[in-house]
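The values are calculated or read from the model by the stated rules, or taken from the named source; none is laboratory data. In this text the structure is predicted, and so the values were computed from the model without any measurement. Cβ placement follows ideal geometry from the backbone for every residue including glycine, while neighbour counts extend to all protein chains displayed.
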Amino acid sequence: MEIRQVFAGAAEENPPAAPSYRYCPLCRAALLQKEEGGRLRRVCPACGFIQYRNPAAGVSVLIVRDGRVLIGRRGPGGVAAGKWCLPGGFIEYDEDFLTAAKREVLEETGLAVRLRGIVNVASNFLSPVLHTLVIALWAEIRHGSPRPGDDLTELQWVGRTGPFPDMAFAADRYLIGSFRPDHGTGLPVDGRFA
Ligand SMILES: [Zn+2]
């Protein structure tokens, strides 16, 4: 299978355009549009604050058992509610991505996992206001039995070739389909966290 790392959401033709601050979040002065580093950005004339826009960093985890991968159904109120996805979520500011992966898996599936490798990194242009950069990790269960929690309301095991329920993210479907444990574990993870 051809390697793929960039995925679009519904608005494939539109580059992400998140809403801008109008007033400085630090000193409340009105922001100006200014060229900064070759791009138009919102800049505060009073205190120098610059509004940078960056993708939100997240993790997705392929928990593999007997050649099958665990997916969860997304609860009401969030992005793609009712659709299915790999366990995962956003990395907190004071957290490394390995800790985030283990935390999200525990919260969403009740499982303690051993992280085995980095299998891919994906840019997801999901909507004009949501652009994520997701590190996909392969994990094995250390202990626990799967039960849905946090953002997920149901869990199920799926085979690499499906059949799949209605998936929330193109990247997840690709990751599950392209995962080849017999071709190696991907990039090793830092053993202090594994
Ligand atoms: Zn300011």
Worksheet item: Has region 152-171 got any residue that is of a type in the set (D, E), closer than 22 Å to F7 by Cβ and under 14 Å from the mean Cα position of the chain (by Cα)?
Response: no
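Give region 151-194 a look and list any residue that's part of a loop (DSSP other than H, G, I, E, B) and either without any contact (Cβ under 8 Å) to a residue 60 or more places away in the chain or among the small types (G, A, S) (or both), or say none. First the steps, then the outcome.
Quick first cut of region 151-194, residues part of a loop (DSSP other than H, G, I, E, B) only: 151, 160-166, 168-169, 179-180, 184-186, 188-194.
Answer for region 151-194, where residues must be part of a loop (DSSP other than H, G, I, E, B) and either without any contact (Cβ under 8 Å) to a residue 60 or more places away in the chain or among the small types (G, A, S) (or both): T161, G162, P163, A168, R180, G184, G186, G191, R192, A194.
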Worksheet item: When only residues in region 125-147 that are within 18 Å of the chain's Cα centre (by Cα) and under 14 Å from L86 (Cα atoms) count, which is surrounded by the fewest Cβ atoms within 10 Å (Cβ to Cβ)?
Response: I135
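Within region 158-166, can one find any residue that is among the charged types (D, E, K, R) and crowded, with 18+ Cβ neighbours inside 10 Å? Give the steps one after another, and end with the answer.
Restricting attention to region 158-166, the residues satisfying the condition of being among the charged types (D, E, K, R) are 160, 166.
Then keep just the ones that are crowded, with 18+ Cβ neighbours inside 10 Å; that gives none.
Looking for residues that are among the charged types (D, E, K, R) and crowded, with 18+ Cβ neighbours inside 10 Å, one finds none in region 158-166, hence no.
Take V119 and tell me if it is crowded, with 17+ Cβ neighbours inside 10 Å, in the same structural domain as F169 (by TED's automatic domain parsing) and at pLDDT below 95. Spell out how you get there, then give the answer.
On the way: crowded, with 17+ Cβ neighbours inside 10 Å: yes; in the same structural domain as F169 (by TED's automatic domain parsing): yes; at pLDDT below 95: yes.
Criteria met by V119.
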Response to the item:
Of those in region 9-61 that are within 16 Å of the ligand (Cβ to nearest atom) and basic (K, R), the residue modelled with the highest pLDDT is R28
